[in-house]
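> Got a structure here, written out as structure tokens. Questions coming.
A short reminder: the numbers here are calculations on the coordinates, not readings from a lab. What you see is a predicted model; the values in this text were computed from it and never measured. Note that each Cβ is placed from the backbone with ideal geometry, even for glycine, and that neighbours are counted across all protein chains shown.
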Amino acid sequence: MRVGLLGRKVGMTQIYETDGTVVPVTVLECGPCTVLQVRTEERDGYHALQLGFDDKKRKNATQAERGHAKKVSAEPKRYVREIRQDTPAEGVTEGQTLTVEVFNEIKTVDVIGTSKGRGYSGVVKRHGFKGLRASHGVKRMHRHPGSSGPSADPAHTRKGIQKPGRFGFARVTVKNLKVVRVDATNNLLLVRGAVPGPNGGYLTIRQTNKV
Amino acid sequence: MQNHLLELVEQSSMKASIPKFEVGDTVDVHVRILEGEKERIQVFNGVVIAKSGTKTREMFVVRRIVQGEGVERKFPVHSPRIADIVVKRSGKVRRAKLYYLRERSGKAVRLKERFAGGKATAAEAKAAKAEKRATRVAAKKAKAEAAAAKTE
């Protein structure tokens, strides 16, 4: 079974290992999640676990959400995502609650979230362009992209040229983050390094895809 | 305000108790050093010239003179590599950062000693002031209540 769970970003800090090395960690509040549905090859065409995290008030949920949760006698959930499985998920039934303990044997995870929105941004911020020079005759063009391609031939801008525009607030996957600690009593998962989104943002955490 | 879950994680990485020391104190820092398989403790003696950060990120800078050359080392307070911090002598200082010691040499580096029971440190003074204020407020309240009782 491919292990995965839903959670929330708490924030970043640093902890010490026993030899004194400092580890930059992100604290994730991970689960408990309810299995809302088990998707199967026969019925849905693929295998997956549909998980739900963080209860929602019944009055704020739609009838469809309420009905869906009621099938497994759970409360409607605020954050619902699927964890894709290669093979039928064994030992998991609808309505079951998964806790952070599923990551006990896992060394690395992928974290999927929505990055912080940065609004309409220039190419320096959005694509890491270097901009133009600070002096030597450059006039008020210091953060400009420069040329966007040749002139008469092809007489149009080539596809895929990086331009300014809306930046952030997109689905981002950070792969291969090391699991530093699994704290079952507080439902916490500590991973090394940064994860997308603001503190308090919802995340999908799954066993890493990399071999 | 910080998140209580984050606080919990930070607590787990902090030492239960750290010796109390202030900027201006002369301290012995016991550092664990790994030599191959064996672990040994090295002592770095000097004056604390700066403290920075909070919780797991708390650091302090110790300055000493080695063979006429100033040497400064910055230590994380909560690192497991720091075995102990022993205060040898407390210095009387009026700055939070004693960077001015870098420009001085010889006799000018000396700091006046601060004795326990003497002039308190900034933190201690603040605590004492708060306590004094609390007692004063309590007394005032009691007095007002007494007066109110009398009029009745």
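> Please state, as a whole number in µm²/s, the translational diffusion coefficient that the Stokes-Einstein equation yields for segment A:125-167 at 37 °C and 0.692 mPa s, with Rh defined as the Kirkwood radius across alpha carbon pairs.
Roughly 270 µm²/s, to the nearest whole number.
> Using only Cα atoms, find the angle between the long axis of helix B:122-151 and the longest principal axis of chain B, and express it within 0 to 90 degrees, rounded to the nearest 10.
10
> Return the Cα extents of segment A:124-211 along principal axes one, two and three, sorted largest first, each rounded to a whole Å.
Principal extents (Cα only, largest first): 64, 31, 24 Å.
> Which lysines, on any chain, are close to B:Lys141 with Cα under 27 Å apart, when same-chain ones fewer than 8 places away are left out?
B:Lys126, B:Lys129, B:Lys132, B:Lys150
> Check each of the trypsin sites (Lys or Arg not before Pro) in segment B:29-110 and keep only those in coil by DSSP with at most 12 other C-beta atoms within 10 angstrom; list them in order.
Of the trypsin sites (Lys or Arg not before Pro), the ones in loops of segment B:29-110 whose Cβ has at most 12 other Cβ atoms within 10 Å are B:Arg94, B:Arg95, B:Arg104, B:Arg110.
> Going through segment A:1-94, which trypsin sites (Lys or Arg not before Pro) have at most 15 other Cβ atoms within 10 Å and a DSSP loop state?
A:Lys57, A:Lys71
> Where does segment A:163-211 land on Rg(C-alpha)/(2.2 N^0.38 Å)?
Against the empirical 2.2 N^0.38 Å value, I get 1.41 for segment A:163-211.
> Cα atoms only: what Rg and Dmax, in Å, come out for the protein assembly as shown?
Rg and Dmax of the protein assembly as shown, Cα atoms, are 29.9, 101 Å.
> Suppose we flag GluC sites (Glu not before Pro) only when DSSP calls them loop and at most 10 other Cβ atoms lie within 10 Å. Which is the longest uninterrupted stretch of chain A?
A:106-211
> Additional query: Between B:Lys129 and B:Asn3, take the C-beta separation as r, use R0 = 22 Å, and let me know the FRET efficiency to the nearest 0.05.
Given R0 = 22 Å and the Cβ-Cβ separation, E is 0.10.
> Ok, one more. Looking at segment A:103-211, which trypsin sites (Lys or Arg not before Pro) are DSSP coil and have at most 12 other C-beta atoms within 10 Å of their C-beta?
Passing both the DSSP loop test and the Cβ count: A:Lys107, A:Arg118, A:Lys130, A:Arg133, A:Lys139, A:Arg140, A:Arg158, A:Lys159, A:Lys210.
> What list of ³J(HN,Hα) values in whole Hz, one per residue of segment A:36-46 in order, does the Karplus curve 6.51 cos²θ - 1.76 cosθ + 1.60 (θ = phi - 60°) give from phi, with Gly and Pro shown as x?
Taking θ as phi minus 60°, the curve returns 7, 7, 10, 8, 10, 4, 4, 8, 10, x, 7 Hz for segment A:36-46.
> Further, regarding this structure: In percent, what relative contact order does segment A:64-210 have, based on Cα pairs under 8 Å that are 6 or more apart in sequence?
Over segment A:64-210, the number comes to 34 percent.
> Starting from the alpha-carbon convex hull of segment A:8-163, give the projected area averaged over all orientations, in nm².
It is 18.6 nm².
> Could you give the distance between the Cα centres of segment A:91-167 and segment A:41-71, to the whole Å?
If we compute the Cα centre of each part, the gap is 32 Å.
> May I pose another question? Could you grab the relative contact order for segment B:2-118? Cα pairs under 8 Å, six or more apart, rounded to a whole percent.
Here the relative contact order equals 27 percent.
> With viscosity set to 0.890 mPa s and temperature to 25 °C, compute the Stokes-Einstein D of segment B:18-113, Rh being the Kirkwood radius across alpha carbon pairs; µm²/s, no decimals. It would help to have the intermediate numbers written out before the result.
Values: Rh = 14.0 Å.
So the translational diffusion coefficient is about 175 µm²/s.
> Give me the inter-chain shielding for A:6-19: mean count of other chain Cβ atoms within 10 Å, whole number please.
4
> Roughly how many debye, to the nearest 20, is the charge dipole of chain A about its Cα centre, given +1 on each Lys and Arg Cβ, -1 on each Asp and Glu Cβ, and no other charges?
1600
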